[in-house]
Amino acid sequence: MLELGMALFSGVTGALVVASLPKATERLRRAVVLLFSVTGMVFSWRVAIKIFNGGNIGIIAQLGGLTWSLDPDPLGAMFGLIASTLWVFAAIYSFGYMERKTRPQTYYAFFLISLSATLGVAFSGNLLALYFFYELLTLATYPLVIHERSADAVKAGRKYIIYSLSGAAAILIAIVLTYIWSGKIDFASGPILVNTMRPGLNLLLALFVGGFGVKAALMPLHRWLPAAMVAPTPISALLHAVAVVYSGVYGILRVVYSVFGRELMGTLSLARKLPWVAAFTILVGVIIATQQDVLKRRLAYHTISQLSYILLGAFTLQPWGLGGAILHMISYSTLKVTLFFCAGIIAERADETAVSRMQGVGWSLPKTMIAFGVASLGMVGMLPLNTFWSKYYLMRGGVQSGQWSLALVLIGSGIINAICFLPTVVASFQGEKAKSSGETGGNTMLMLGPTLCLAGIALLIGLYPGIVWPGVEAVVNRFF
Amino acid sequence: MGLTLADYGTMAMLFMLIVASLAMYFIRDLMHAVIVYGAYTLVMALIWLQMNTPDLAITEAAAGIGMTVMMMVVIYRTSRKEE
Amino acid sequence: MKILLGKVLINYPYFAAVILFAIGSATVLTRSNLFKKLIGINIMESAIFLMFIAAGSRRDGVVPILHMDDSLRPYINPLPSALMLTGIVVSVSVTAFALALIVRLYRFYGTTDAKRMSDIRNGVAKE
Amino acid sequence: MTAVIKTHLPVFVVAAPLFVSFLLSPMARRFGWVQSLVVGVQGLGLLLAVYLAGMILKSSGVPIIYSMGGWPAPWGIELWTGSLGAFFLLVVAGVTLPISLYAVNNLSDEVGDATRSTRFFVLYLLLAGVLAGMALTNDLFNIFVLVEVATISCCGLVSARRGPNAAKAAFNYLILATLGSGLILGGIGLVYMITGNLNMGFAGIALNGVWQDYPHVVWMAMSFFLVGFGVKAALFPLHVWLPDAHSTAPTPASAILSGLAVKGYIICLVKILFGVFEVHLLDVFRLDQILVLLGMLAILAGSILALAQGELKRRLAFSTVAQVGYIVLGFGLMNIKGVAGTLFYLASHAVIKSTLFLAAGALISATGKTHVKDFAGVGRKMPITMGVFSIASLGLVGIPLFSGFVGKWYLLLGSLEVGNLTAAGVIGIGSVLCAIYLFPIIRTAYFEPAPEDDWQDPGVPQRLALVMLGIAVIGLGVLPGPLLQLAQKAAADLLIIP
């Protein structure tokens, strides 16, 4: 109870403190941001550990004539854990990145509110709470998207809000339909629609998947994500590779396993087509990514592709698939944040955003490019890295569901991933040393530290996958 | 029940009303139109009398005259021609 | 056909009311001069009064005033006429108010024509 | 003594503002008195409305019937304080009080000197009293009279500003509204012709027996009412007068016109449709589907037109056109959730739209600018005004825990319960469009650098009014309890479900 409240409210409280601080106190502000992000992380770890050990924490409130409940289960706890942990890294990285940027106060305030909203999504115990925090997340991240205030940023923000709110409207309609058909909306007591056999379930599923699919960047609803890359790099890293898009992914996982349940999903004709939508997004996303020259845009399309790995695992409706999906949620997020952080450092230090002009960057920013290389190898799915395991389980899931071709899609995507990133890494270590302000001095350690740390964590999980296994097991056991 | 002589009288007056309203539609000179409107209210008052509602007839006559005069004054002070 | 014609004839006040209503609303909607609109409104309202009164009157009725001699004869329904009295008063006040507005508009625009007014407002030069 | 007051409470609620409004004119020289009298009457009205609503809730919907002059129903005129009446009375009283508070000391730049401002208050109180009357009346002809008085006082309020635009808007409104009243009167005449009753309850009973003999007359009467009230309530294709009228009126007038007056006509329409024709006749004549269709059209068209407007007040005015669509759509659903939801939505929109108009008025008078792009940086310079504006916008979009969401939730429940997925979709699209036309204003206000001008929040009474309304927007969203209960009761009564 206390843990839940602390985890949830640390972000909002921190935001209020940051907003009320005087403008000039940069050091104090950083301390506050760090304090509250760490609080959020610590308490969501405690929540997660309690939940994985079979505990139960729940808050139910009657507001607005409706019931709102916070009641995390292993899946939610896992999401909260991933997000809040990465938040701390992103916070430290932001301290470095925001050094020479304007309006840090607004930035940090909304950065912290987004933490609360994300944890709210993770811990919500019924569809209404999920919807509320999902909307809140949209609104809280909007100022971060338009933080640059340029015409492009405003346009991207507009796109972001229109896409997200349209998705939310579809979700709201779907929630109401669910409520009318089954009379309940909470996740705790097994799949909501389990005994509901009626026409229109396919439509309901389409509404849900379409609504959450906007945030999960399921093609063809992905257009806002590349546009939103005008945001500051830590935001692109954290929100548009992890928190916001994961809230969409998490919503779809919830819908598949907690609203419909896998038995009912197995009988729906639409559910059999969904893995192929995901497979399509995986392949097309990564192919488009190879065509992009701006590094952040390339990473954005790559995100779109990778998110569908998770969805693909979930849509197989097999224990291995779900396990792989959860594992991929963990491992992909560490690697992707590393990639984005590297991109930020390259843009900041070497003043370079185009992939085609990376020659020699590796000589001037060696640590960054090594981290980048490690993360790239991970994206391909090489053995010492954590994504190897997640891909392995995803493939097993695909095979288990009797669709061999899904495994082939994953292998193919791995190869295209290699084409997408490895040449860049190789090229950066060729030719003359590129002009840059080097990796030392000023705020670099604040940016490089979290980056290397995350790459290390990815390596660690790859070598000892056992350390995350209890969590994954808890999630899988919850639904199978 | 057939129509009585009184009915034919009412019909004739109603016909006059229709003619008057059409005239008001078409006449370009506003002052003339308002004069026709005065006549219209007068005929209306007669119809009310015919329909056994003398109270209404009195009111209509008074109000009609009042309105006609008001309109005339305003037209006199503003513009007379319809454009 | 003959029955239909008979129905039409016996209900002639209603048909006159409908025609008047149509002419009135046509005047309101198609004439751009504000006075014409005002007159149209008045025609329309009187058409509705006509309908109401016709509904309350009966062919062989008398004025609903108590007589000592022929109190047994049917009298017409006094309610509609009482109500329409209110209606007439309301229409007079609407007319008065509209006339006040017309005077005010004329002071600004120098015309009483709605089309000319919007032309002037949109900055189109006078012919 | 208290018993006497208690029995005469309904008529007092209606008559007090009307009576006071006539007292105001001779007091014009002491403008301070005028203002305190207006606010005082509104405050008293709110207390009485809360008391009446509480009574109705406690007795779970047993109406308080008051016969004017002691004459019983078919002959005399009734004031019928049922659940719907108490509900709308509460809304009227709750919204008019902050608006009159806002108008205190604030009319001189928009309306003029004390005499003109007093006249404004006369019309304002007249409108408030008439709206209360609309809530309570149970007589068809009374509805006509109230509608006419409301129309004339609305026109007066619209034309209260000097300048040709206000007069033009008022004239257009007057002409179209009178056309509407003509149709309404015609409809009343038709109902009277076939039922012989003007009391709505008795007319309903009589109509139940005879409607099969006059299906065309019933059909005509329905369409007369629909078009007549549709013109006055700015239902989509008939909305043409609204944007000019509501955007040229002085700020408090725009607030009450958009927030309440439009709803007064809708409540009258609903009273007639559900009280006289009753649900099964509406069903027979497929009016439910027509209402839903009109509502959907209004939502889409109103929102898109609002998007196209650059002037702040015009954008808000077109937004009203869209919101009227929600309300009409909800009544067309004809199930308890939909109607209760739409009633609650009506209340929340009354609060939200008056808030938006008042805040917009404060912005415009402080900055002297009217275009939505001109308010860069206002959020920091006028924190209260812009904060309340943002809260109200979030409420209108339907973010959970704001009042708009509760209404939308029940509207969606209602529309999906009858299996109307299209309506649900349109409600969703409407919210998204609403966000698209309101959020840019908030964005420019908070996230763009402010010019050097010295802009400030309005004076104390205005701030108080804005804060009251802002709290109401959130309060209704978090704790809708009693009001929602009353709305559900009213919906059950309208649909004749025990």
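The values are calculated or read from the model by the stated rules, or taken from the named source; none is laboratory data. None of these values were measured; they are calculated from a predicted model. Using ideal geometry, Cβ is built from the backbone for each residue, glycine included, and neighbour counts are taken over all protein chains shown. Side chains are part of the model used for accessible areas, which takes the heavy atoms of the whole protein and leaves out ligands, DNA and RNA. Shrake-Rupley method; radii C 1.70, N 1.55, O 1.52, S 1.80 Å.
Summary of values
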read-out	value
Peptide D:367-380, shielding by other chains (average Cβ, 10 Å cutoff)	0
Longest to shortest principal axis, alpha-carbon extents of chain A, angstrom	66, 54, 43
Relative contact order (%) - the stretch D:1-136, alpha-carbon pairs under 8 angstrom, separation at least six	37 percent
Surface per residue (accessible, 1.4 Å probe) for the protein assembly as shown, Å²	35 Å²
Candidate lysines - alpha carbon under 16 Å from D:Lys263, same-chain residues fewer than 8 apart omitted	D:Lys232, D:Lys271, D:Lys353
Accessible area (Å², 1.4 Å probe, nearest 10) - D:Val217	40 Å²
Neighbour net charge for C:Ser91 - beta-carbon separation under 14 angstrom, K R +1, D E -1	-2
Accessible surface, 1.4 Å probe, highest first, among residues C:Val62, D:Val95	C:Val62, D:Val95
Cβ-defined net charge surrounding A:Gly381, 15 Å radius [Lys, Arg +1; Asp, Glu -1]	+3
By average C-beta atoms within 10 angstrom, highest first, the peptides D:331-339, B:64-72	D:331-339, B:64-72
Protein accessible area in the stretch B:5-77, 1.4 Å probe - carbon and sulfur %	80 percent
Kirkwood Rh (inverse of mean 1/r, distinct Cα pairs), the stretch D:290-498, angstrom	17.3 Å
Interatomic Cα distance distribution for the stretch D:1-136, bins of 5 angstrom, percent	2, 11, 19, 21, 16, 12, 9, 6, 3, 1
Estimated 222 nm signal from helices in chain A, with DSSP H stretches of n ≥ 4 weighted -39500 (n - 2.57), rounded to 500	-24000 deg cm²/dmol
Complex-versus-alone comparison for the stretch D:152-170, residues with a loss of 30 Å² or more in accessible area, probe 1.4 Å	D:Ile152, D:Ser159, D:Pro164, D:Asn165, D:Ala167, D:Lys168
Peptide-level mean, for A:61-70, of C-beta atoms on other protein chains within 10 Å	5
Protein accessible area in chain D, 1.4 Å probe - carbon and sulfur %	67 percent
Global form of chain B, assessed from the alpha-carbon gyration tensor, a/c cut-off 1.5	oblate
Rounded to the nearest 10 Å², the accessible area of A:Ile49 at probe 1.4 Å	90 Å²
Area accessible to solvent at A:Arg223, 1.4 Å probe radius, in Å²	130 Å²
Chain B: relative contact order as a whole-number percent, Cα under 8 Å and 6+ apart	32 percent
The stretch A:294-343: C-alpha gyration tensor shape, a/c 1.5 cut-off, then a/b vs b/c	oblate
Hydrodynamic radius by Kirkwood, which averages 1/r over all alpha carbon pairs of chain D, in angstrom	22.4 Å
Lysines whose Cα lies under 25 Å from that of A:Lys433, excluding same-chain neighbours fewer than 8 positions away	A:Lys296, A:Lys367
Spherically averaged projected area of the protein assembly as shown from its Cα convex hull (nm²)	52.8 nm²
Order by protection proxy (mean Cβ within 10 Å, highest first), peptides A:364-371, A:334-341	A:334-341, A:364-371
Packing-based ranking, highest mean first, of C:4-15, A:421-432, A:313-324, A:284-295 given that Cβ atoms within 10 Å are counted	A:313-324, A:284-295, A:421-432, C:4-15
Contact order relative to length of chain A, as percent, for alpha carbon pairs under 8 angstrom and 6 or more apart	15 percent
5 angstrom amide H check on C:Asn33, placed H, neighbours 5+ away	C:Ala114
Most to least accessible of B:Glu60, A:Glu263 (protein chains only, probe 1.4 Å)	A:Glu263, B:Glu60
Aspartates and glutamates with Cα under 20 Å of D:Lys337, excluding same-chain neighbours fewer than 8 positions away	D:Glu278, D:Asp283, D:Asp288, D:Glu417, D:Asp493
Neighbouring partner chain Cβ atoms per residue of D:446-454, average, 10 Å criterion	2
Tensor-based shape of chain C (alpha-carbon gyration tensor, a/c under 1.5 rounded, otherwise prolate or oblate)	oblate
